[in-house]
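See below for the structure under consideration.
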Amino acid sequence: MTTVVGIDSSTQSCKVVVVDARTGRTLAHASAPHPDGTSVDPAAWLAALRTAWREAGVPDRGDVVGVAVAGQQHGMVAVDRHGEPVHDALLWNDVRSAPQAARMLAEHGTEWWMERVDMAPVPSMTLSKLAWLRENDPGAASRVERVMLPHDWLTLQLCGEFVTDRSDASGTGYYDAAHDRYRPELLEEYFGAVPQLPRVLAAGEAAGTLGEEWGCGSGVVVGPGAGDNAAAALGLGLGEGEVTISVGTSGTVFACSAEPPRDPSGVTAGFADATGRFLPLLCTINAARVMTSTAELLGVGLDEFTRLATSGAADAGGLTLLPYFDGERTPNLPEATGRLDGMTRASLTRENLARAAVLSVANSLADCLSVLRGLDVAVERVLLIGGGAKSEALCSVLPDTLGMAVDVPDTGEYVALGAARQAAWVATGSFPEWERSVGRRLHPSPDAGAQRFRQRYGDARANLETELAADPTEQRPEPMD
């Protein structure tokens, strides 16, 4: 047997899986937590990787042939000439750069940005974060020698090579995936300089070899890595007509396509995937944390929260929650806050509040799926993955909200599995054909309660968008680090 190692460095934790390179069967896995907050010292990611690496037993194996890292997208890792971060890495869900993103959009317009980088400026993307650094900490900005993404930084620690891949580069705001090139003029305009950027590797191209300090001997190849969503698509073997809904800290809805999507509204990001194709994607900042935060408010664990949510009225008894607790990316409302409408003495029960929280997450995802359909992306099958796939409460309402069946693949760490698949590809020179196993299919119910909630949700969202447009000066509190 030969094995490969896949690493998923996400917002909340680092997961390491050891996989049979021939079959894709997971042989061992481990995880270690990351610090909470929207900005993090990258050293914490390395410490978590070392812990999970050791607990998965990787150094004790003599059969590892390849390693690859998948990581949270967009995060700004800016280092000086000694390789030390000049500032904590601003993560994808840090919205402090909302004013910079808004100014970028105002100065050039959506169409201009879509033509150059296939995404409209949002606070999530790396370029807006660099603009924030330039304006708010010019001393740190002046010391920046290199800029990279979280997965690039970990790849550098593994093999000493300063590289990236198309999928993660396509989320920076200064890389044109359609033409496979950086746009240094955008860095010059908004950061005032063009720092060193990682070399963009092709799908299946080796980054280098694993350093001996990782305990696997010599000659272990390291893959180029990928952004987390591209890795999840790779782990699933996502095909034409299939759409993945991934629910974790964020909620993402994405498909694979041969051509980059052209969304004139700029809502859909035209990311690259990890195979040389494209990954039209929509992302929400608020997903699983909406449910965990509501559970904490109710003073219950997740099991009791699920019981409450599945006991509430099908339409949450008239309650309507907008889940924009941390601002939002889709729709692009970084200054938004959450909202709860429809409160009466009859409707405001623990059961209805729990169900409204779950339904709000389902509706946010349904909005994203509607956008993909509007771009003529084929939606023949929906796959639900991520931590949210384990939530019986979400599984019970999502098919009704989407109006179609939802397939839930067997539980697995699909981002880490995608990284492992890439590692096997790089190590063997051929793309591994691993079988996907679907655990269950969820069907819509005849109850119309979820659709009644959806109508109210759409009205509440439109009202909020109108209010924010009328008062753009309203500011969210500064994020907690």
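Could you compute the net charge surrounding L302? Neighbours are other residues with a C-beta less than 11 Å from the C-beta of L302; K and R count +1, D and E count -1.
-2
When you count, for each residue, the other Cβ atoms within 10 Å and take the mean per peptide, how do 351-362, 114-125, 11-22 rank with the highest first?
Top to bottom by mean Cβ count within 10 Å: 351-362, 114-125, 11-22.
Only Lys, Arg, Asp and Glu count, each charged at its Cβ (+1, +1, -1, -1), so figure out the dipole size of the chain about its Cα centre, rounded to 20 debye. It would help to have the intermediate numbers written out before the result.
Values: 39 positive and 63 negative charges, 156 e Å.
Roughly 740 debye, rounded to the nearest 20.
On the principal axes of its Cα set, how long, how wide and how thick is segment 306-353? Give whole Å, largest value first.
Computed over the Cα atoms, the extents are 32, 22, 14 Å.
Once you put a point 7 Å from the Cα of T292 and another 7 Å from the Cα of A106, both along the Cβ direction, what distance in nm separates them?
Each label point is offset 7 Å from its Cα along the Cβ direction, giving 3.6 nm.
Using only C-alpha atoms and all pairs of different ones, pull out the Kirkwood radius for segment 184-247 in Å with one decimal.
On the way: mean 1/r = 0.0650 Å⁻¹.
After inverting the pairwise mean of 1/r, the radius is 15.4 Å.
In segment 385-460, which GluC sites (Glu not before Pro) fall in coil by DSSP and have 15 or fewer other Cβ atoms within 10 Å?
The qualifying sites are E433, E435.
On each of the three principal axes of the Cα atoms of the chain, give max minus min coordinate, whole Å, ordered largest first.
In descending order, the Cα extents are 67, 51, 42 Å.
Listed highest first by mean packing, meaning other Cβ atoms within 10 Å per residue, what order do 81-90, 269-278 come in? Spell out each step's value before the answer.
On the way: 81-90: 16.6, 269-278: 24.3.
Answer by packing, highest mean first, reads 269-278, 81-90.
How large is the dipole of segment 17-149 about the Cα centre if only Lys and Arg carry +1 and Asp and Glu carry -1, each at its Cβ, rounded to the nearest 20 debye?
The dipole of segment 17-149 has a size of about 220 debye.
Of L322, C283, G312, which is farthest on the positive side of the dipole of segment 279-384, counting Cα position, with +1 on Lys and Arg Cβ, -1 on Asp and Glu Cβ, and the Cα centre as origin?
Farthest towards the positive pole: G312.
Taking the Cα centroid of segment 314-345 and of segment 140-200, what is the distance between the two, rounded to the nearest whole Å?
Taking the Cα centre of segment 140-200 as reference, the centre of segment 314-345 is 35 Å away.
Roughly how many whole Å is it from the C-alpha centroid of segment 366-390 to that of segment 1-44?
25
Could you tell me which of T11, A98, P85 has its Cα farthest along the dipole of segment 1-137 towards the positive end, charges placed at Cβ (Lys, Arg +1; Asp, Glu -1), taken about the Cα centre?
Projecting each Cα onto the dipole axis, the largest value belongs to T11.
Fully extended, how many nm does the chain gain between E188 and L375 (0.36 nm per residue separation, minus their Cα-Cα distance)?
Working: separation 187, 0.36 × 187 = 67.32 nm, distance 3.23 nm.
Result for the pair: 64.1 nm of gain on full extension.
Give me the Kirkwood hydrodynamic radius of segment 336-407, using the inverse of the mean 1/r over all pairs of distinct Cα atoms, in Å to one decimal.
Over segment 336-407, the inverse of the mean reciprocal pair distance is 13.8 Å.
Classify segment 304-455 as rounded, prolate or oblate, taking a ≥ b ≥ c as the square roots of the eigenvalues of its Cα gyration tensor: rounded when a/c is under 1.5, otherwise prolate if a/b is larger than b/c and oblate if not.
prolate
With N set to the number of residues, divide the alpha-carbon radius of gyration of segment 145-216 by 2.2 N^0.38 Å and report two decimals.
1.20
Explain nothing, just the number: relative contact order of the chain, from Cα pairs under 8 Å at least 6 residues apart, as a whole percent.
17
Cα-based Rg (one decimal) and Dmax (whole number) for segment 127-258, in Å?
Cα-based Rg and Dmax for segment 127-258 come out at 16.7, 49 Å.
When the gyration tensor of segment 27-117 is built from Cα positions, what are the square roots of 5 times its three eigenvalues, in whole Å, from largest to smallest?
35, 17, 13
Kindly rank 316-324, 54-62 from highest to lowest mean number of other beta carbons found within 10 Å of each residue.
316-324, 54-62
Return the whole-Å distance between the Cα centroid of segment 209-258 and the Cα centroid of segment 413-428.
7
For segment 87-151, treating each Cα as an identical point scatterer without solvent, what Debye log10 I(q)/I(0) comes out at q = 0.13, 0.17 1/Å?
Calculated log10 I(q)/I(0) at the listed q: -0.36, -0.61.
Could you tell me which of rounded, prolate or oblate describes segment 223-293, using a ≥ b ≥ c as the square roots of the eigenvalues of the alpha-carbon gyration tensor, with rounded for a/c under 1.5 and, failing that, prolate when a/b is larger than b/c and oblate otherwise?
On the way: a/c = 1.99, a/b = 1.36, b/c = 1.47.
It is oblate, given that a/c is not under 1.5 and a/b is not larger than b/c.
Ordered by residue, what ³J(HN,Hα) values in Hz, to whole numbers, does segment 432-438 give under the Karplus form 6.51 cos²θ - 1.76 cosθ + 1.60, where θ = phi - 60° and Gly and Pro are x?
For segment 432-438, the Karplus-derived couplings read x, 9, 9, 7, 9, 10, 9 Hz, x marking Gly and Pro.
Just so you know, all these numbers are worked out from the coordinates, no wet-lab data involved. Predicted model, so just to flag it, every value in this text is computed and none were measured. Cβ: placed from backbone, ideal geometry, glycine included. Neighbour counts: every protein chain shown.
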